[in-house]
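The values are calculated or read from the model by the stated rules, or taken from the named source; none is laboratory data. Note that the coordinates shown come from a computational prediction; the quantities given were computed from them, not determined experimentally. Cβ: placed from backbone, ideal geometry, glycine included. Neighbour counts: every protein chain shown. These area figures cover heavy atoms from the full protein model, side chains too; ligands, DNA and RNA do not enter into them. Shrake-Rupley method; radii C 1.70, N 1.55, O 1.52, S 1.80 Å.
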Amino acid sequence: MIDDRAESTLTVQVGDSPPTRIQVRDWTVEVNSGPDKGKKVTTQDALLRVGSDPASDLVLSDQTVSRRHLELERSSQGILLRDLGSRNGTFLDGHRVIQVLLQHGDKVQLGKTKLVIKQESRATEVEVSGGADAFGSLVGTAEKTRVVFAQLRGIAREDMNLLLEGETGTGKELAARAVHQHSMRRHGPFKVVDCNLITEEKAERELFGGLRADEDKGAKGVFEASQGGTLFLDEVGELPLSLQPKLLRVLESREVPSLTGAPMPVDVRVIASTHRNLEEDVRQGRFRADLYFRLAVARVRLPPLRTRREDIPVLAQSLLRGIKSSFELTPQTLALFEGYDWPGNVRELRNVLERGALMQETGNSSWLDFMAQNQRRPDGEQPTTSVAALVTNMPYHEAKDRVVADFERLYFAEVMRESNFDMKKAEQHTGLSMQSLYRLVKKNGLRLKDLKNAEGLDK
Ligand SMILES: Nc1ncnc2c1ncn2[C@@H]1O[C@H](COP(=O)(O)OP(=O)(O)OP(=O)(O)O)[C@@H](O)[C@H]1O
């Protein structure tokens, strides 16, 4: 449907404007009534997820609340609420809302729960680069991204442990590498441990060292191998509870057992990552509080790509350079990318570009086709559909709503861009009435100021 032949190509310069200082303000979401009354979260993060899923930032026990019910995003205009296809809906002043800009003090109803959203007066000033920015191999241009880079730059200089939070594919491992490269440990080793794979038996041998079998005598534990450098504990929330005290002991004593059993000092900075809400895991007894505080001396949250769409052009350019493809990005393609939600974040964008480059070579250029085909499991082995990847762990109605919402967003983004936001053309193309079209276009977040010829509407 969309012609991907290049009309113009886009180039983005990194670091081309002087730095500016911006204020990052705290904001609070508090449960005003319902089963979790009194529970609250205060944050400087750009995004806060609310639901009954334990990975949410505000976890509700209210059974009428969906697992992924809504998300709140701080933007320059205020707090933007997005219902994530919840089963029982989200209400503001008695009206069901899909997406709405909240005012300070607004009360939002979801199930039996009422939330109040407040902007706090406390603010921190952060110096960020102007324009586009980079930190190690991470690139970005959105203000949120530049704030994250400024935080990481500051933390890299200090020798403290760091916890990186964020959804899959948001760049946590790249961020850890970049912090290492910008720290005084940069000439030392950078080692990665995937905590998903650590079992009790493996932990003694591979993680902490000591107690090695004869055939392993020459092998070092990973703490010892990271001596003078950085150890990245990927998905630390998956570390079995039984091993957590051992890790805590090493972090506190800065020693691991040597071959002789005598303690050996280790000088290692630990950076951990998680896609979970570890604070909630601590509350639920799934993660030790003392270990959490040791790891999260500094904490940085990498925002999902859907909340920093301005990053997409510069990211796409940079990823294409990495793929070494001659593939050209047209404004239409970028517009389509910017209208998509990227549940797999930057990794998914990279996969789409790799697939796009391949499809271009084979003469097939339908973006919709390959956006739909794009969803594969992170290990890249077992092909699956976008639908299955997103929703298999949700109840049926929630899953269905979510899939329909995703389809609508993609469909209307493409139709409106193809028709150059001409409502009459879009009406003919979709076969919908002007009223329905208008409602669906608006619901799916397309900019009203771009719409043309929207006559005959009963607004
Ligand atoms: N800001 C960025 N700039 C450039 N590339 C990025 C950026 N963020 C992520 N990427 C790309 O996305 C891929 C995934 O990043 P990374 O492995 O660091 O994510 P992650 O958050 O650690 O994911 P997971 O939690 O699934 O392990 C990287 O290989 C890189 O290509």
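In this structure, is Ala262 within 22 Å of Lys220 (Cβ to Cβ) and surrounded by fewer than 21 Cβ atoms within 10 Å (Cβ to Cβ)? Explain how you work it out, then say what you get.
Details: within 22 Å of Lys220 (Cβ to Cβ): yes; surrounded by fewer than 21 Cβ atoms within 10 Å (Cβ to Cβ): yes.
So Ala262 fits the description; yes.
Listed here are the residues, each with its yes/no results for (1) open to solvent by 20 Å² or more (accessible area, probe 1.4 Å); (2) at pLDDT 65 or above; (3) of a type outside the set (Asp, Glu).
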| site | (1), (2), (3) |
| --- | --- |
| Phe412 | no, yes, yes |
| Met416 | no, yes, yes |
| Phe421 | yes, yes, yes |
| Gln428 | yes, yes, yes |
| Gly431 | yes, yes, yes |
| Gln435 | yes, yes, yes |
| Arg439 | yes, yes, yes |
| Lys443 | yes, yes, yes |
| Leu451 | yes, no, yes |
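Only one entry in Arg321, Arg301 is over 21 Å from the mean Cα position of the chain (by Cα) and on the phi < 0 side of the Ramachandran plot, namely Arg321. Summed over the range 58-84, residues that are among the hydrophobic types (A, V, I, L, M, F, W, C) and part of a loop (DSSP other than H, G, I, E, B) total 3.
The rows are residues; the columns are (1) open to solvent by less than 40 Å² (accessible area, probe 1.4 Å); (2) in contact with a Cys (Cβ under 6 Å, 6 or more places away or on another chain); (3) over 25 Å from Val404 (Cβ atoms).
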{"position": "Asp36", "(1), (2), (3)": "yes, no, yes"}
{"position": "Lys39", "(1), (2), (3)": "no, no, yes"}
{"position": "Ala46", "(1), (2), (3)": "yes, no, yes"}
{"position": "Gly51", "(1), (2), (3)": "yes, no, no"}
{"position": "His69", "(1), (2), (3)": "yes, no, no"}
{"position": "Ser76", "(1), (2), (3)": "no, no, yes"}
{"position": "Ile79", "(1), (2), (3)": "yes, no, yes"}
{"position": "Arg87", "(1), (2), (3)": "no, no, no"}
{"position": "Leu92", "(1), (2), (3)": "yes, no, no"}
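Across the range 338-356, the number of residues qualifying as more than 14 Å from the ligand (Cβ to nearest atom) and open to solvent by less than 20 Å² (accessible area, probe 1.4 Å) comes to 2. Condition check: near the ligand (Cβ under 9 Å from one of its atoms) and over 29 Å from Asp62 (Cα atoms). Does Phe190 satisfy that? Here the answer is no, as Phe190 does not meet what is asked. Select from the range 95-119 the residues that are touching a strand residue (DSSP E or B) at 6+ places or on another chain (Cβ under 7 Å), open to solvent by less than 70 Å² (accessible area, probe 1.4 Å) and assigned to a loop (DSSP other than H, G, I, E, B) and list them in ascending order. The answer is Val97, Gly105, Asp106.
Is the range 245-258 home to any residue that is within 22 Å of Ala176 (Cα to Cα), within 16 Å of the ligand (Cβ to nearest atom) and at pLDDT 80 or above? For the range 245-258, residues within 22 Å of Ala176 (Cα to Cα), within 16 Å of the ligand (Cβ to nearest atom) and at pLDDT 80 or above: absent.
Would it be correct to say that Thr168 is in contact (Cβ under 8 Å) with a residue 60 or more places away in the chain, closer than 25 Å to Arg49 by Cβ and either out of contact with any helix residue (DSSP H, G or I) (no Cβ under 7 Å at 6 or more places or on another chain) or open to solvent by less than 40 Å² (accessible area, probe 1.4 Å) (or both)? In short, no.
Residues in the range 412-438 that are closer than 12 Å to Ala335 by Cβ and either of a type in the set (Asp, Glu) or assigned by the TED database to the domain that holds Leu336 (or both): 2 in all. Filter the range 120-161 down to the residues that are in contact (Cβ under 8 Å) with a residue 40 or more places away in the chain and part of a helix (DSSP H, G or I), then identify the one that is nearest to the ligand (Cβ to nearest atom). Here the residue is Thr145. Looking only at the range 330-354, residues that are in a loop (DSSP other than H, G, I, E, B) and in contact with a helix residue (DSSP H, G or I) (Cβ under 9 Å, 6 or more places away or on another chain) come to 6 in all. The set of residues from the range 173-198 being in a loop (DSSP other than H, G, I, E, B) and under 24 Å from the mean Cα position of the chain (by Cα) comprises just one member, His182. Flag: Pro313 matches the condition of being within 16 Å of the ligand (Cβ to nearest atom) and open to solvent by 10 Å² or more (accessible area, probe 1.4 Å).
If you go through the range 293-351 and keep only what is modelled with pLDDT of 85 or more and of a type in the set (S, T, N, Q), you end up with Thr307, Gln317, Ser318, Asn345.
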